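Just below is one structure, and these are the notes that go with it.
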Amino acid sequence: MTDSTAALSQARIAAYTGMRADIYGLVPANAISILDLGCADGSLAAALKQENPARWTAGVEYSEALAQRAGERLDQVLQGDLNRPELLQSLGGRKFDCVICADVLEHLQQPAQLLQHLQAHLTADACVIVSLPNIRHLSAFIAIFWRGSFPRRQRGIFDDTHLRWFTLRDGEQLLADAGLKVEARTYNLRWGDQGGGRANRALIKLLGPHAHSLSWVREFLTYQIAMRARRVAPTQD
């Protein structure tokens, strides 16, 4: 998580802390060294370390308060702004089997720059896991094209600290431009801006298994997409 304000609202704390099950499920079981960019309070990396105590976990967090909490749970935590990706040099050249960028890239001025900087911190078979909100979601269509307003909120697609917006295709292209090929996807479906509730649970149960094959479900009901990607092997002449 990143945040341009000194104080975090309760809405943001609720939205960006806690263990993300969709991200957790994309982390390979054989990943031993894990870097969580925008690690918030360290809940996700701590859960991954609990699953396998042999794992070495590091995180980067903008919020000083959250970084302090994460530092009590992870092996190393850097507090700083990922808009300055050179701060990763403080990792001392360590390479990682898995780098997580969950709810991070949309907060950055130059997200592609961060992905390029990550190349020096990836092991040979490393994966990069990225989570992005989908600006093509039904709730965004209603807000912008029906109501004629671009909201600014404390969380979600219209979080007022977002500097970038992505469709599903944009997200995949961002990774492709960084030399990464998507190998797995998880679609977080919901009807509106708020998660939970019986209507959303019914949506996930009925259409979740078909999101990969139904384009209208993917494009308009996916509130957030999580992707796991790996570096594309260079072609040989």
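The values are calculated or read from the model by the stated rules, or taken from the named source; none is laboratory data. Computed from a predicted model, the values in this text were never measured in an experiment. Glycine also receives a Cβ, built like all others from the backbone with ideal geometry; neighbour counts cover every protein chain displayed.
Determine whether segment 91-103 contains at least one residue that is in contact with a Pro (Cβ under 9 Å, 6 or more places away or on another chain), modelled with pLDDT under 95, within 24 Å of G192 (Cβ to Cβ) and buried (at least 20 other Cβ atoms within 10 Å of the Cβ).
Yes, segment 91-103 has at least one match.
Counting only residues that are modelled with pLDDT of 95 or more and not in a strand (DSSP E or B), which one in segment 220-237 is surrounded by the fewest Cβ atoms within 10 Å (Cβ to Cβ)?
F220
Considering only segment 68-92, state which residues are closer than 22 Å to L163 by Cα and part of a helix (DSSP H, G or I).
P85, E86, L87, L88
Hey, D41 hits all of (1) buried (at least 16 other Cβ atoms within 10 Å of the Cβ); (2) over 30 Å from L189 (Cβ atoms); (3) without any contact (Cβ under 8 Å) to a residue 60 or more places away in the chain but one; which does it fall short on?
(2)
Does I144 qualify as being assigned to a helix (DSSP H, G or I) and in contact with a Phe, Trp or Tyr (Cβ under 9 Å, 6 or more places away or on another chain)?
When the stated conditions are applied, I144 passes them.
Considering each residue of segment 190-207, count those that are out of contact with any Phe, Trp or Tyr (no Cβ under 7 Å at 6 or more places or on another chain) and surrounded by 11 or more Cβ atoms within 10 Å (Cβ to Cβ), and give that number.
Adding up the residues that qualify gives 11.
From the list L88, L108, pick out the single residue that is crowded, with 20+ Cβ neighbours inside 10 Å, more than 13 Å from A40 (Cβ to Cβ) and within 17 Å of the chain's Cα centre (by Cα).
L108
For segment 193-213, state whether one or more residues are touching a strand residue (DSSP E or B) at 6+ places or on another chain (Cβ under 8 Å) and assigned to a strand (DSSP E or B).
Checked against the condition, which is being touching a strand residue (DSSP E or B) at 6+ places or on another chain (Cβ under 8 Å) and assigned to a strand (DSSP E or B), segment 193-213 yields no hits at all.
Of all residues in segment 147-183 being assigned to a loop (DSSP other than H, G, I, E, B) and aromatic (F, W, Y), which is surrounded by the fewest Cβ atoms within 10 Å (Cβ to Cβ)?
F150
Residue by residue, here is whether (1) in contact (Cβ under 8 Å) with a residue 12 or more places away in the chain; (2) closer than 25 Å to A29 by Cα; (3) β-branched (V, I, T) holds:
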{"site": "A46", "(1), (2), (3)": "yes, yes, no"}
{"site": "E51", "(1), (2), (3)": "no, yes, no"}
{"site": "S63", "(1), (2), (3)": "yes, no, no"}
{"site": "S90", "(1), (2), (3)": "yes, no, no"}
{"site": "Q109", "(1), (2), (3)": "yes, no, no"}
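Checking A184 against (1) free of Cβ contacts under 8 Å to residues at least 40 places away in the same chain; (2) on the phi < 0 side of the Ramachandran plot, only one condition comes out false. Which one?
(1)
Would you confirm whether any residue within segment 210-219 is among the aliphatic types (A, V, I, L, M), touching a helix residue (DSSP H, G or I) at 6+ places or on another chain (Cβ under 6 Å), surrounded by fewer than 18 Cβ atoms within 10 Å (Cβ to Cβ) and closer than 20 Å to P133 by Cα?
No, that holds for no residue.
S139 passes all but one of (1) touching a helix residue (DSSP H, G or I) at 6+ places or on another chain (Cβ under 7 Å); (2) more than 24 Å from G38 (Cα to Cα); (3) touching a residue at least 40 places away in the same chain (Cβ under 8 Å); which number fails?
Among (1) touching a helix residue (DSSP H, G or I) at 6+ places or on another chain (Cβ under 7 Å); (2) more than 24 Å from G38 (Cα to Cα); (3) touching a residue at least 40 places away in the same chain (Cβ under 8 Å), S139 violates only (1).
So which residues in segment 144-156 are of a type outside the set (D, E, K, R) and either without any contact (Cβ under 8 Å) to a residue 24 or more places away in the chain or within 19 Å of L207 (Cβ to Cβ) (or both)?
Scanning segment 144-156 gives I144, F145, W146, G148, S149, F150, P151.
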